[in-house]
């Protein structure tokens, strides 16, 4: 493997997830986060060498929605920049590659988009193959239900187990000030909610939510000056799979499995279970269980702690839910997770995903110590 | 910085471009370019370590993040993939993102793919964004850019025949490019007599709507030394973006373009681009932009760009052949147009541009821009390291 640079997450700011911010457009929501992340690091925008963003035109319902974000990211004078039409966790991945390439030491990564501007189920239908799958009206709730059915059929998981998992995440969400769902509830209550699409009940799924996020990466030498407890990136890998729903085993996530293996190998760790905290970008309880199996995690165990923030089940702003996982891992390692902090957390895994049925996955391994000397 | 890895273009592939490629699906169109690039590089899908996909707004085809359904056709299953969208510059910034993958040291061979299948949708609608707090007056890209063309003419006293001259030259070049969409010659009169679409931009000075794709294989130095064809060495590359509403921003000659050009020339060790660059493929969607970019890119001083064109220095066989492929004025599959500029620059220094080869081209510039003249992406390629 090539010699790699030590790079850390040194700042992270997130707008609390809400169903609809009726008073601010996406860039206004983002501006406060850019400002807050820079302030955390004690720097101004001239300290940033590169910037990357993740968003999707279709969420805004207009082309080039990302262009307006340049104004609030501080692109004056111009900055080296790349916009990805992806969840912003992949923008962070690209920013990390830029720092590895050696032409940047610091990077600002943003995720934004107003999910409430449209109907996500109708918008995300357009991600499917236009010739064979989009036209039959599949939406992400339906495809997630297909995946949940496949998982339950293979694993024997029950409706009751999905309800219990969703209830645990709701309890965690009550401790996270940025979560959208902050009212704890019981598995009994959730199991009484009607089907969204069988076997997924409405109570197991996150509501429509929107936010804006900004995360700052810095290479060794600068990271220590920008943050008293940087979260060092020890390994990262990402993989896409075929979209074709009939072309892959929906009860498994081959991409998350491979990305985890590669990221752990880069990090010099044998097992995912060797970390203290895991943040999974799972938008249904079944997805979370599939990811746990793919990554070699005990979904019912107490260590590592899984989704202490509550995860996307208590707030799922599309195109940034993955980057929030990386930000949450940073908060845990930097001692900034406040009410949902995991005591003694020194290593973490952050997972990001996009597409129907966990089509694409990115896995980050972080630690409170540098990986390479 | 202590890290400085080289990267090179190993293979170039593009489709036949046309207003409507009804013979292929979106996947088929993309695959046509990918197969040609892999064949050119002497590689198979299994040799590719990562895939970078670019295209302009998803509204152009009506498929959100189409790289997700294209993952199979791209041979990307269980590989790393990113999708880039930087407006009109996207094809170029996609190629540069592939270069970053190689220069990170983690990837040996990366496939960059860019496409647009404009016949699937309505580009005029998709390129007429309704910006917050702004009157919805923009009618397509030409409606947006026409005021800046007028400003250039007013500032530099550029005479009215410069746009038509540029358009005629582009068609002459496109006639020699077997892949170009528009290859029929035009006369100055043809252009002058064509209707004005957005004052002063005439129909004959406007790029077409095309279906097309382009693919490049970018490799590490180690791989490039073993490739079947002579590679194009990427001497430097950069992408810059600037804010939309910054006070003092000049859209006639944007600061982001100047900064990007300086970064690329500095990286390539170029002090005088007019003397040291043999040919350039630059993003000219409306003919007048050729003169504007000659100034913004530092080839000419302010007010001198149109004079270089008036003297014919941009023609094949002259001092600095611009867009020997015919450029965007002959072929505009929007998402792919920037990658075509970079790929054509690479073909020139590889000596494999066919009938539109510039004799003895050793160093070439590829350039693209996008947004409201906000996004710039460029590279300089050479026949030697």
Sort through A:337, A:329, A:263, A:353 and tell me the only one that's surrounded by fewer than 24 Cβ atoms within 10 Å (Cβ to Cβ) and either over 28 Å from residue A:373 (Cα atoms) or at pLDDT 95 or above (or both).
-> A:337
State whether one or more residues within region A:87-104 are at positive phi, buried (at least 24 other Cβ atoms within 10 Å of the Cβ), in a loop (DSSP other than H, G, I, E, B) and in contact with a strand residue (DSSP E or B) (Cβ under 9 Å, 6 or more places away or on another chain).
-> no
Selection count where residues are in contact (Cβ under 8 Å) with a residue 60 or more places away in the chain and either more than 7 Å from chain A (Cβ to nearest Cβ) or touching a strand residue (DSSP E or B) at 6+ places or on another chain (Cβ under 8 Å) (or both), scope region B:55-84 = 4
Of the conditions (1) touching a strand residue (DSSP E or B) at 6+ places or on another chain (Cβ under 7 Å); (2) buried (at least 24 other Cβ atoms within 10 Å of the Cβ); (3) touching a residue at least 60 places away in the same chain (Cβ under 8 Å), residue A:312 fails just one. Which one is it?
-> (1)
Flag if residue B:37 is more than 14 Å from every other protein chain (Cβ to nearest Cβ) and in contact with a strand residue (DSSP E or B) (Cβ under 6 Å, 6 or more places away or on another chain) | yes
Selection within region A:338-373 - in a loop (DSSP other than H, G, I, E, B), in contact (Cβ under 8 Å) with a residue 40 or more places away in the chain and more than 18 Å from residue A:264 (Cβ to Cβ) = A:342, A:344, A:355, A:356, A:357, A:358, A:359
When you go through (1) over 24 Å from residue A:315 (Cα atoms); (2) more than 7 Å from chain B (Cβ to nearest Cβ); (3) out of contact with any strand residue (DSSP E or B) (no Cβ under 8 Å at 6 or more places or on another chain) one by one for residue A:45, which number turns out not to apply?
-> (3)
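Conditions (1) under 25 Å from residue B:301 (Cα atoms); (2) touching a strand residue (DSSP E or B) at 6+ places or on another chain (Cβ under 6 Å); (3) away from every other protein chain (no Cβ under 12 Å), marked per residue:
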site	(1), (2), (3)
B:224	no, yes, yes
B:235	yes, yes, yes
B:239	yes, yes, no
B:254	yes, no, no
B:257	yes, yes, no
B:264	yes, yes, no
B:270	yes, no, yes
B:280	yes, yes, yes
Residues of region B:352-369 that turn out to be farther than 22 Å from residue B:264 by Cβ and not in a helix (DSSP H, G or I), as a count = 3
Considering every residue within region A:258-278, establish whether at least one is in contact with a strand residue (DSSP E or B) (Cβ under 9 Å, 6 or more places away or on another chain), part of a strand (DSSP E or B) and more than 11 Å from chain B (Cβ to nearest Cβ).
-> yes
Hits in region A:128-142 (condition: outside any helix (DSSP H, G or I), more than 24 Å from the chain's Cα centre (by Cα) and free of Cβ contacts under 8 Å to residues at least 40 places away in the same chain) | A:130, A:131, A:132, A:137
Condition check for residue A:108: more than 10 Å from every other protein chain (Cβ to nearest Cβ), part of a strand (DSSP E or B), within 21 Å of the chain's Cα centre (by Cα) and modelled with pLDDT of 95 or more | yes
Tell me which residues, restricted to region A:54-84, are assigned to a loop (DSSP other than H, G, I, E, B), touching a helix residue (DSSP H, G or I) at 6+ places or on another chain (Cβ under 7 Å), over 23 Å from residue B:253 (Cβ atoms) and within 7 Å of chain B (Cβ to nearest Cβ).
-> A:63
For residues in region A:33-42 being in contact (Cβ under 8 Å) with a residue 40 or more places away in the chain and either assigned to a loop (DSSP other than H, G, I, E, B) or away from chain B (no Cβ under 14 Å) (or both), which is farthest from the chain's Cα centre (by Cα)?
-> A:42
Checked B:155, B:176 against criteria (in a helix (DSSP H, G or I), surrounded by fewer than 21 Cβ atoms within 10 Å (Cβ to Cβ) and more than 12 Å from chain A (Cβ to nearest Cβ)); the one match is B:155
Scan of region B:317-339 for residues that are outside any loop (DSSP other than H, G, I, E, B) and closer than 21 Å to residue B:123 by Cα, ordered by number | B:334, B:335, B:336, B:337, B:338, B:339
If we take region B:198-301, then strands (runs of 3 or more DSSP E) inside it with 3 or more residues that are in contact with a helix residue (DSSP H, G or I) (Cβ under 6 Å, 6 or more places away or on another chain) and buried (at least 24 other Cβ atoms within 10 Å of the Cβ) are B:211-220, B:232-241
Does residue A:130 fit the bill of being within 14 Å of another protein chain (Cβ to nearest Cβ) and either surrounded by 18 or more Cβ atoms within 10 Å (Cβ to Cβ) or within 26 Å of residue A:27 (Cβ to Cβ) (or both)?
-> yes
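The values are calculated or read from the model by the stated rules, or taken from the named source; none is laboratory data. All of these numbers come straight from a predicted model, not from anything done at the bench. Quick reminder, even Gly has a Cβ in these numbers, built from the backbone with ideal geometry, and neighbours come from all protein chains shown.
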